[in-house]
Amino acid sequence: MSRIYQQNIFQESEIENFLGQKGIQFKKNKDWIFFSCPFSDHDDKNPSFNLNIKSGGFNCWGCRRKGSWDDLCNFLNWENTALDKAILTNTIP
């Protein structure tokens with residue numbers, strides 16, 4: 001599980017900013033963020049991918065992939081270390 005979640009200092013705005021930097025359009029509903037599946041082998045026309053803000057777990061109802069925030073970053077080769085470091089050191093812009 002991501003250091004962000006292990007430290008219990010994760011905030012919704014950080015994940016929203018991170019997804020925005022990746023160019024992902026999303027919708028938020030309480031503890032969930034919904035967006036089109038980011039995996040290239042899944043042509044997602046309707047947002048079927050969801051990420052739980054509280055737990056950091058994700059699930060895609062279309063391609064059936066699921067896992068943790070770290071899994072998602074690893075699968076997509078997203079650099080998560082800068083975000084983790086900023087959160088852990090309280091240096092988020």
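The values are calculated or read from the model by the stated rules, or taken from the named source; none is laboratory data. Note that this is a predicted model, so its numbers are computed, not measured. Calculation scope for accessible area: heavy atoms of the full protein, side chains included, ligands and nucleic acids excluded. Shrake-Rupley method; radii C 1.70, N 1.55, O 1.52, S 1.80 Å.
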Once residue 74 and residue 27 are pulled to full extension, the length gained, defined as 0.36 nm per residue separation minus their Cα-Cα distance, is 14.6 nm
A correct Karplus calculation of ³J(HN,Hα) over the range 18-28, with 6.51 cos²θ - 1.76 cosθ + 1.60, θ = phi - 60°, whole Hz and x for Gly and Pro, returns 4, 5, x, 5, 7, x, 9, 8, 9, 10, 10
Measure of exposure for residue 24: accessible area at 1.4 Å probe, Å² rounded to 10, is 30 Å²
Result for the range 7-74: accessible area per residue, probe 1.4 angstrom, in square angstrom, of 61 Å²
Rounded to the nearest 10 Å², the 1.4 Å probe accessible area of residue 66 is 150 Å²
